[in-house]
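Working notes, beginning with the structure itself.
The values are calculated or read from the model by the stated rules, or taken from the named source; none is laboratory data. All figures in this text were calculated on a predicted structure; none of them were measured in a lab. Neighbour counts are summed over all protein chains in view; Cβ atoms, including those assigned to glycine, are modelled from backbone coordinates with ideal geometry.
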Amino acid sequence: MKMLAVLFVLTLILGVAMYGGVPPAPTPAQVLGRPQPVQINTSEVSPQQSPTPTRKLPRTDAIARLPDSFAGTRVDGRLRADAGGNLIIDAEIRRVFDYFLASIGEEPLETSVARLRRYIETQLPEPAADHAIQLLSQYLDYKRQLLLLEQHHTQQADIDAMRDRLRAVQQLRAGIFDDRVHQAFFALDEATDNFTLERLAIRQDATLHASGKGAALDRLQDSLPAELQDTVAVQMQMQLREQTRALAANGGNPADLRQLRQQLVGNAAAARLEELDRQRQAWQSRLTAYNQAKRRIERSKGLGEADKRAAIARLAAEQFNENERQRLQAAEQLLAAKRG
């Protein structure tokens, strides 16, 4: 039981870490600072224990007194209702849940849930508030069942085992939440998980050469939701940079680099990177030739300082266009800083 409690805490905290910041929102203290009577259905909070008449509810001062980890933070996500007072279902609801449930570990679960329920009641009219509290009950149930599922689907490197685990998690979500909530809460997570798993399968496919893997990866990237395209691209480029450094340290050649890029970021991105390499090499060659000519002018004994400056300016104008001369100036400043 202690292990389950720890896993529950970790699962909730990890869920919070998956979301970024949002526009300024009320701080918990601003919303919860006014003590209000709070009633909590303990059967929603701890189904493993039957509520008894002697079970004490969290004190309202404990609910208003925020854990230290909330200091300086604002509520992540928002709760909204339409003109008819009905709850608007979107991913923001889950973000609110995860924000408040991140306090588990610093305080009893009942206190965290009671604080979240009071927040819901202060933010939403009826029937939206009642609907949000029902979703909270389902979300807590999902988290508990997810812990049990993890015990039966241990983490393994085998692709088939990973697919089975992912499928089981998706089925669990579909069994607890209706389609609309399932999609709002987890669609992007599941798209990311599927992408990560299929990308790994492509890399491990011994029947594909590097170009074939790159083509398969291009198709996989095209299937991603637009909201994930940039995030996934950044992650892939970070991984590519790390492995490129390792390849260079081990004496990798251009052909090795091309294959690495195809397998990590796809053929299209690999081609763009090769073109960028060519442009950089061409720029560096032009820069080297310019610096050599510039040094010859500077060493000329037949020119005064003013003539040298004029000759160098003419050289730059002949070799580079206006935009390139701005890059040239920055490159010279960088070179001077290195020499200094």
| query | If you go through segment 191-216, how many residues are in contact (Cβ under 8 Å) with a residue 24 or more places away in the chain, under 21 Å from the mean Cα position of the chain (by Cα) and surrounded by 16 or more Cβ atoms within 10 Å (Cβ to Cβ)? | reply | 5
| remark: Of (1) modelled with pLDDT under 95; (2) hydrophobic (A, V, I, L, M, F, W, C); (3) touching a Leu at 6+ places or on another chain (Cβ under 7 Å), Val234 fails just (3)
| said: Being farther than 12 Å from Gly77 by Cβ and either touching a His at 6+ places or on another chain (Cβ under 7 Å) or crowded, with 20+ Cβ neighbours inside 10 Å (or both) is the filter here; which residues of segment 111-128 pass it? | reply: Thr111, Ser112, Val113, Ala114, Arg115, Arg117, Arg118, Leu124, Ala128
| Between a first residue in segment 100-111 that is at positive phi and a second residue that is in a loop (DSSP other than H, G, I, E, B), which pairs have beta carbons less than 6 Å apart while being 6 or more apart in sequence or on different chains? | none
| message | I'd like to check something: does segment 171-185 contain any residue that is farther than 19 Å from Gln138 by Cβ and exposed (fewer than 13 other Cβ atoms within 10 Å of the Cβ)? | response | no
| Of all residues in segment 138-184, how many are modelled with pLDDT of 95 or more, farther than 21 Å from Val113 by Cα and among the basic types (Lys, Arg)? | 1
| remark: Conditions (1) surrounded by fewer than 18 Cβ atoms within 10 Å (Cβ to Cβ); (2) closer than 18 Å to Leu124 by Cβ; (3) at pLDDT 60 or above -> Pro108 fails only (2)
| task | Just one of (1) surrounded by fewer than 14 Cβ atoms within 10 Å (Cβ to Cβ); (2) over 30 Å from Asp230 (Cβ atoms) trips up Leu287, so point out which. | result | (1)
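Restricting to segment 205-225, what's the tally of residues that are assigned to a helix (DSSP H, G or I) and either over 13 Å from Gly266 (Cβ atoms) or aliphatic (A, V, I, L, M) (or both)?
5
Residue by residue, here is whether (1) within 24 Å of the chain's Cα centre (by Cα); (2) of a type in the set (Ser, Thr, Tyr); (3) at positive phi holds:
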residue: Val75; (1), (2), (3): yes, no, no
residue: Asn86; (1), (2), (3): no, no, no
residue: Val113; (1), (2), (3): no, no, no
residue: Tyr119; (1), (2), (3): no, yes, no
residue: Gln151; (1), (2), (3): no, no, no
